[in-house]
Each structure stands twice: as structure tokens, then as C-alpha cells.
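This report concerns only the one structure given below.
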Amino acid sequence: MESWKSIWKREEDLAHIHGWDFSHIEGRYEEEKDLPWNYREIVNQYLTGDAELLDYDTGGGEFLLSLGHPWQKTSATEGYPPNVELCRETLLPLGIHFKECQDPAKIPYPDESFDLIINRHGDFDAPELYRLLKSGGVFITEQVGGDNDRDLVVQVLPGTPKPFPHLNLKEQRKAFEDAGFQILRAEEAYRPIVFYDVGAFVWFAHVIEWEFPGFSVEKCMGNLLEMQNNLERDGKIEGTIHRYLIVAGKL
């Protein structure tokens with residue numbers, strides 16, 4: 001037990017990310033390998049070369065940069081302080097219009113600024129997005145649903161309430177329709193998330209602290225040992241991710 005505890009506490013101490021970088025546990029876990037849609041392909045379907053593009057809650061800008069859209073037609077926001085500094089260092093020198101923003105209902109751009117707004121696993125406010133889009137503009141989001149990782153949370157922190165129970169396709173689709181959007185595409189999926197060692201899970205649970213509030217190796221040691229026993233029996237620790245996709249157009 002003490003050997004496992006020492007290993008897991010080292011993972012706990014290392015549980016920090018720069019941007020949205022999960023490379024520390026690459027090869028030790030898997031998720032989003034088999035979603036029924038491809039977010040990048042959907043974005044590229046709507047992204048024309050002359051479009052004014054906004055990536056809201058861009059993280060460290062990794063996905064945005066990978067799109068290769070003309071920098072002068074690219075804007076981004078981020079609210080998490082370490083990522084804000086990273087974006088200032090990486091996006092502004094390229095000529096991307098970056099602004100810090102922590103309130104999705106008060107995005108600091110004028111009305112009808114954008115042809116396309118994208119958002120992956122970030123926050124959003126449907127009426128504010130409607131304000132920012134030009135007529136004929138499109139908003140694309142892939143979201144983490146309220147049931148995400150719940151079976152894993154229950155294993156280590158039983159009794160923890162869902163942090164975002166309203167995040168599901170039915171409720172969020174209605175929010176966009178109420179804001180005036182036409183729903184162009186809407187899908188929901190529950191797929192596996194797999195860990196191949198408990199240390200990777202410990203790192204993950206600390207980073208995703210809003211899903212695993214109060215998690216620590218010390219507090220959850222008994223449940224982590226049970227998880228280790230299950231891993232030795234089954235060869236993996238498996239949970240369930242919850243994702244939904246909305247593509248909404250402004251008429």
C-alpha cells in the first residue's frame with residue numbers, strides 16, 4: 001500500500017497542465033477515439049478562407065492554430081489565467097486578435113463581428129453568440145455533458161453531486177432555439193474512457209478538479225486501492241464520457 005501511495009502522490013504533485021496538454025498521460029489512457037462525429041471536419045466544412053473566425057475558450061490555442069486560418073481573420077478568447085498568458089505569448093505575435101474573457105455573456109467584440117464561432121469543451125451563452133454572429137453565421141460546439149466521468153467519480157468520491165446537470169443535448173438545444181438559432185446539427189454520445197494505470201487516473205482527477213472536487217490520494221486511498229485491484233483483474237479502468245454536438249445557424 002505504501003508503495004502505491006508514494007507513486008500516486010508523485011502523480012498528484014505533477015498534476016498541472018500548460019494550455020490543454022495531456023501529454024503526461026499519453027499512452028496511459030484513451031478517450032474520444034470513437035465519437036460518431038469529427039469536430040475538425042465539421043469546423044472545416046463551414047470555415048471558408050475569408051470568414052471572420054472566433055474561437056471562444058481557446059485553451060492554449062492549440063486547436064485554433066492547427067486550423068491554419070489566416071491570422072488577420074482569426075480571433076480568440078480565454079479566461080483561465082495560465083492559458084491567458086500562454087495565448088498572449090503565442091497568438092498575439094502572429095496577429096491573431098486575442099482578448100481575455102471570463103464571462104461568456106460579455107464577450108468583448110462588437111455586434112455581428114463573426115461568420116463562424118467555434119467552442120470545444122468551453123463555456124458559452126447562446127444569446128451572446130447570436131449577438132456576435134453575422135446574419136448567416138454559424139456556431140459550432142462540442143461539449144462535455146453533465147454525465148461525464150460520473151462512474152469514475154462515484155468510484156472515488158461517492159455522493160458527489162453533478163457539477164453541471166443542465167449540460168445535455170435536450171436542454172442546450174432548447175436554449176439555442178430560444179435565442180433565435182436554427183439547429184443545423186445536434187448529436188449526443190456516451191463512449192468509453194480507459195486508464196491503464198491508477199497513477200494516470202490520479203493525475204487526470206486532479207486536473208479535472210471540477211468533476212472530482214476534493215479528490216486527493218490521502219482522502220481516496222481506500223477507493224484507489226480497490227481501483228488498483230480491478231485494474232489487475234481487468235487490465236484497465238473504464239469509465240464513460242458524455243459528449244454532445246450542436247451546430248447552430250443565425251438566420
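Annotations
- Pairs are defined by a Cβ separation below 7 Å, a sequence spacing of at least 6 or placement on different chains, a first member in region 113-125 that is within 17 Å of Glu100 (Cα to Cα) and aromatic (Phe, Trp, Tyr), and a second member that is at pLDDT below 95 and part of a strand (DSSP E or B); no pair meets this definition.
- Every residue from region 240-251 that is under 15 Å from Val194 (Cβ atoms) and buried (at least 19 other Cβ atoms within 10 Å of the Cβ): Ile241
- Filter result (farther than 22 Å from Tyr29 by Cβ and either open to solvent by less than 40 Å² (accessible area, probe 1.4 Å) or among the aromatic types (Phe, Trp, Tyr) (or both)) within region 176-193: Phe176, Ala179, Gly180, Phe181, Ile183, Ala186
- Scanning region 59-72 for residues that are at pLDDT 95 or above, surrounded by 20 or more Cβ atoms within 10 Å (Cβ to Cβ) and either out of contact with any Ser or Thr (no Cβ under 7 Å at 6 or more places or on another chain) or over 18 Å from Val43 (Cα atoms) (or both) returns a single hit, His69.
- Residue satisfying all of: in region 101-114; open to solvent by 50 Å² or more (accessible area, probe 1.4 Å) and over 19 Å from the mean Cα position of the chain (by Cα); nearest to Glu171 (Cα to Cα) among these: Lys106
- Flag if Gly49 is open to solvent by less than 50 Å² (accessible area, probe 1.4 Å) and part of a loop (DSSP other than H, G, I, E, B): no
- Looking at Ile193, Ile208, Ile237, Ile241, just one residue is touching a residue at least 40 places away in the same chain (Cβ under 8 Å), within 24 Å of Glu12 (Cβ to Cβ) and in contact with a Gly (Cβ under 6 Å, 6 or more places away or on another chain), and that residue is Ile193.
- For region 160-170, the condition of being open to solvent by 40 Å² or more (accessible area, probe 1.4 Å), among the polar types (S, T, N, Q), under 21 Å from Leu225 (Cβ atoms) and not in a strand (DSSP E or B) holds for none of the residues.
- Considering Leu64, Leu35, the condition of being over 17 Å from His97 (Cα atoms), under 17 Å from the mean Cα position of the chain (by Cα) and not hydroxyl-bearing (Ser, Thr, Tyr) is satisfied by Leu35 alone.
- Any hit, region 19-30, residues being surrounded by 12 or more Cβ atoms within 10 Å (Cβ to Cβ), out of contact with any Phe, Trp or Tyr (no Cβ under 7 Å at 6 or more places or on another chain) and modelled with pLDDT of 95 or more: yes
- Unmet criterion (only one of (1) closer than 21 Å to Tyr39 by Cβ; (2) open to solvent by 50 Å² or more (accessible area, probe 1.4 Å)) for Tyr196: (1)
The values are calculated or read from the model by the stated rules, or taken from the named source; none is laboratory data. The shown structure was predicted, so the numbers you read here are calculated from the model rather than taken from an experiment. Cβ sites come from the backbone with ideal geometry, for glycine too, and all protein chains shown count toward neighbours. Surface areas here come from the heavy atoms of the whole protein model, side chains and all, with no ligands, DNA or RNA. Shrake-Rupley method; radii C 1.70, N 1.55, O 1.52, S 1.80 Å.
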